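J.: Below you'll find the structure I mean.
The values are calculated or read from the model by the stated rules, or taken from the named source; none is laboratory data. This structure is a prediction, so every number in the text was calculated from the model and none was measured. No Cβ is skipped: glycine too gets one built from the backbone with ideal geometry, and neighbour counts run over all protein chains shown. Side chains are part of the model used for accessible areas, which takes the heavy atoms of the whole protein and leaves out ligands, DNA and RNA. Shrake-Rupley method; radii C 1.70, N 1.55, O 1.52, S 1.80 Å.
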Amino acid sequence: MKRLLNTLFISTQGAWLSREGENIVVHLDKETSKQFPIHLFESIACFGRINATSPLMGFCAQKGVHISFFSEHGRFFARVDGPVRGNVLLRRQQYRLADDAKATSEIARNFLIGKIANSRAVLMRAARDNDGEGNAVLTSAAKYLGGTVQDLDKSLPLDILRGKEGDAARCYFEVFDHLILAQKEHFKFTDRNRRPPMDNINALLSFVYTLLTHDVMSALEGVGLDPAVGYLHRERPGRPSLALDLMEEFRHWLADRLVLSLINLRQIRPDGFSQSESGAVIMDDATRKIVIAAWQERKQNELTHPYTEEKIAIGLLPHVQARLLARHIRGELESYPPFVWK
């Protein structure tokens, strides 16, 4: 089993990174803040005004540690990596299937089964804990999502599948506000907005989705797949389409539930957010650090994988699913088994 390596997250504005021997050195205000042995990490994620020296970037590329740069909102800017890794035969087959309408629809369908089934499970669990008016609303939405999963027939073309995904997403987010049980005057959810997020809850969701995407991209590259060539999400320059495909299974039960826990347990406070002149909402450094720490902690929790029946850390789930997807693409599995939370 792959060792669960960490990502080094840098969010303090103005920080810069350099190399010293086998260590990554973080500087702030012209002083050395911390040093980290590079072998502890598989990637570095930089948010906002973070710089890195060229010797460090070359060192990380040599060691297989990629560096990603994001805006403070979590929008992806660029990625520094070494030579392309992975099995060329696997990637060629990945590209062939992406050009095959039937194969593309079948793989996309399985991603959607995982996504919608898991969003239904989130609502059902919340409904059991909600004795008020929200119980009926959440139960009704969960029933609709259950019916949608049953309607995902193998023969459906990709455009119909995407339409059903859109309907399921609208149903889920229409009742999302019922999942927020504390601080509702500051974290009330009305709709999903991004690029940039216009309220506190969407700022949190976008940031955690970025963390998830980063982890899924690493998992796909680790098995030799190209994160840019997807099936549910089509190719677009600069877009990690396959990573967006695979993360759908984890979006609601992992990312959304983490955000809701932070709000409902009052680990996140409204004074950690500010609004710019454009209306965009930005988290401060302290809030980002709380979110990142909670994300890393959640990844250490364990569960039993429904397909392999092995007990693994949540942080390894993207790696397991990436391997199962690679096996399907190689023809070793008849179909890709999505992760369904139970």
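J.: Placing +1 on the Cβ of each Lys and Arg and -1 on the Cβ of each Asp and Glu in region 56-170, which of Ala78, Ala121, Ser155 has its Cα farthest towards the positive end of the resulting dipole?
T.: Towards the positive end, the residue furthest out is Ala78.
J.: On to the next question. How much mean residue ellipticity at 222 nm does the chain get from its helices, if each DSSP H run of length 4 or more adds -39500 (n - 2.57) and you divide by all residues, to the nearest 500 deg cm²/dmol?
T.: That calculation yields -15000 deg cm²/dmol at 222 nm.
J.: Ordered by residue, what ³J(HN,Hα) values in Hz, to whole numbers, does region 208-217 give under the Karplus form 6.51 cos²θ - 1.76 cosθ + 1.60, where θ = phi - 60° and Gly and Pro are x?
T.: Going residue by residue, I get 5, 4, 5, 4, 5, 4, 4, 5, 5, 4 Hz, with x marking Gly and Pro.
J.: Once phi is turned into θ = phi - 60°, what whole-Hz ³J(HN,Hα) does the Karplus curve with 6.51, -1.76 and 1.60 give for every residue of region 227-237, x standing for Gly and Pro?
T.: Per residue, the Karplus-derived 3J(HN,Hα) values read x, 7, 10, x, 10, 6, 9, 7, 5, 8, x Hz.
J.: Under a 1.4 Å probe, what is the accessible area of the chain per residue, stated in Å²? Each step should come with its number before you reach the end.
T.: Working: 16000 Å² over 342 residues.
Accessible area per residue, the chain: 47 Å².
J.: Using only the C-alpha atoms of the chain, find the volume of their convex hull and express it per residue in Å³.
T.: Details: hull volume 47.9 nm³, N = 342.
Each residue corresponds to 140 Å³ of Cα convex hull volume.
J.: Same structure again: If you place +1 on the Cβ of every Lys and Arg, -1 on the Cβ of every Asp and Glu, and leave all else neutral, what size is the dipole of region 107-151 about its Cα centre, to the nearest 20 Debye?
T.: For region 107-151, the charge dipole is close to 240 debye.
J.: Give me the percent of accessible area attributable to carbon and sulfur for the chain, probe 1.4 angstrom.
T.: 49
J.: Per residue of region 327-335, in order, report the coupling 6.51 cos²θ - 1.76 cosθ + 1.60 (Karplus, θ = phi - 60°) as ³J(HN,Hα) in whole Hz, putting x for Gly and Pro.
T.: 5, 5, 4, 6, x, 7, 10, 4, 9
J.: List the lysines whose Cα lies under 23 Å from the Cα of Lys299, skipping any in the same chain that are fewer than 8 positions away.
T.: Lys2, Lys115, Lys289, Lys311, Lys342
J.: Next question. What does the highest-first list of 11-23, 135-147 look like by mean Cβ count within 10 Å?
T.: Sorting 11-23, 135-147 by mean packing, highest first, produces 135-147, 11-23.
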